[in-house]
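Let me begin by presenting the structure, written as structure tokens, before commenting on it.
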Amino acid sequence: MSPTHLHPADKAEIDAIRRNLNSTVESIRRDRALSDSGRREKMAIATKAARDKADTLKRKVSKERTSRKTELERRLFGVGSNSSPTDLLVLRDSRDRAAALGTEEQATFAMRQAHSAGDEYMAKAIAQVAILKGWTNLVDDFRQHATAETAAALDQLAQLPSGRNTDVADSLMFTIRAPQELAGYNDWAIDELAATGAT
């Protein structure tokens with residue numbers, strides 16, 4: 001999934017917010033009882049309300065994405081529910097050793113050793129480092145040795161948008177454009193105008 005892709009239900013919701021704003025703005029334009037300043041105030045109120053709804057939706061999507069990422073990482077790189085305290089210690093040690101691998105070549109050699117020894121925790125730890133550092137060949141190697149369930153979880157994790165580009169894409173995806181009558185008004189000015197119109 002690319003960073004610009006939303007769940008269909010979320011995309012439908014942001015599209016509905018925009019449609020409702022456009023419909024409200026058109027109704028305000030047709031209202032001959034309003035002065036130009038009154039019309040701008042009404043539009044500011046509608047625009048602010050739409051932006052508040054879009055911001056709420058954006059936070060929901062971001063929270064769900066973070067929760068899903070945490071769930072997948074726990075399933076892929078954590079210990080099972082029946083694991084012992086010793087398993088936790090082994091996993092922590094494996095993570096420390098994997099984090100100390102400075103190059104992809106070192107990590108590849110360590111992954112080969114982990115596969116040979118049947119060291120699942122070390123293989124997981126190296127794969128987690130490889131994902132963070134963008135060592136895709138190493139991630140592919142881990143996938144080839146993994147179960148079908150683990151491979152599927154890896155694919156799902158890879159499809160989750162992340163990083164700075166995601167923040168930029170989200171900002172664009174949830175942007176609510178003000179009507180042309182409010183051209184030249186920044187967000188703060190629209191909020192102030194909406195507050196004036198609401199009193």
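Among the numbered conditions (1) over 15 Å from the mean Cα position of the chain (by Cα); (2) outside any loop (DSSP other than H, G, I, E, B); (3) surrounded by fewer than 14 Cβ atoms within 10 Å (Cβ to Cβ), the only one that Arg59 does not meet is (1).
Got a sec? Which helices (runs of 4 or more DSSP H) wholly within the range 124-199 have at least 2 residues that are surrounded by fewer than 18 Cβ atoms within 10 Å (Cβ to Cβ) and of a type in the set (A, V, I, L, M, F, W, C)?
148-159, 164-173, 187-198
Evaluated against (1) over 15 Å from Met122 (Cα atoms); (2) surrounded by fewer than 12 Cβ atoms within 10 Å (Cβ to Cβ); (3) among the β-branched types (Val, Ile, Thr), Ile45 falls short on exactly one condition, (2).
Just the residues that are of a type in the set (A, V, I, L, M, F, W, C), in contact (Cβ under 8 Å) with a residue 24 or more places away in the chain and either assigned to a loop (DSSP other than H, G, I, E, B) or under 30 Å from Arg164 (Cβ atoms) (or both), please, taken from the range 99-123.
Within the range 99-123, the first condition is being of a type in the set (A, V, I, L, M, F, W, C), and the residues that meet it are 99-101, 107, 109-111, 114, 117, 122-123.
Then drop every residue that is not in contact (Cβ under 8 Å) with a residue 24 or more places away in the chain, which leaves 99, 101, 107, 111, 122.
Listed by number, the residues that qualify are Ala99, Leu101, Ala107, Met111.
When Thr56 is evaluated against the numbered criteria (1) at pLDDT 95 or above; (2) within 30 Å of Gln156 (Cβ to Cβ); (3) touching a Pro at 6+ places or on another chain (Cβ under 9 Å); (4) of a type in the set (Ser, Thr, Tyr), which criterion, by number, is the only one it fails? Of the numbered conditions (1) at pLDDT 95 or above; (2) within 30 Å of Gln156 (Cβ to Cβ); (3) touching a Pro at 6+ places or on another chain (Cβ under 9 Å); (4) of a type in the set (Ser, Thr, Tyr), the odd one out for Thr56 is (3).
Tell me, which residue of the range 29-56 that is more than 30 Å from Pro161 (Cα to Cα), hydrophobic (A, V, I, L, M, F, W, C) and not in a loop (DSSP other than H, G, I, E, B) is farthest from the chain's Cα centre (by Cα)? Step through it out loud before you land on a result.
Taking the range 29-56 as the starting set, the residues that turn out to be more than 30 Å from Pro161 (Cα to Cα) are 29-46.
Checking which are hydrophobic (A, V, I, L, M, F, W, C) leaves us with 33-34, 43-46.
The next check asks that each one be not in a loop (DSSP other than H, G, I, E, B); those that pass are 43-46.
Numbers: Met43: 31, Ala44: 29, Ile45: 29, Ala46: 27 Å.
Of everything passing the filter in the range 29-56, Met43 is farthest from the chain's Cα centre (by Cα).
Listed by first and then second residue, the pairs linking a residue in the range 73-98 that is in contact (Cβ under 8 Å) with a residue 24 or more places away in the chain to a residue that is among the polar types (S, T, N, Q), with Cβ atoms under 6 Å apart and 6 or more places separating them unless they lie on different chains, are Phe77/Gln128. Residues that are touching a helix residue (DSSP H, G or I) at 6+ places or on another chain (Cβ under 7 Å) and modelled with pLDDT of 95 or more were ranked within the range 1-17; the one that is farthest from Ala194 (Cα to Cα) is Glu13.
The values are calculated or read from the model by the stated rules, or taken from the named source; none is laboratory data. Treat the numbers as computed from the prediction; the structure is a model and nothing was measured. Here the Cβ is made from the backbone with ideal geometry for all residues, glycine too, and neighbour counts use every protein chain on show.
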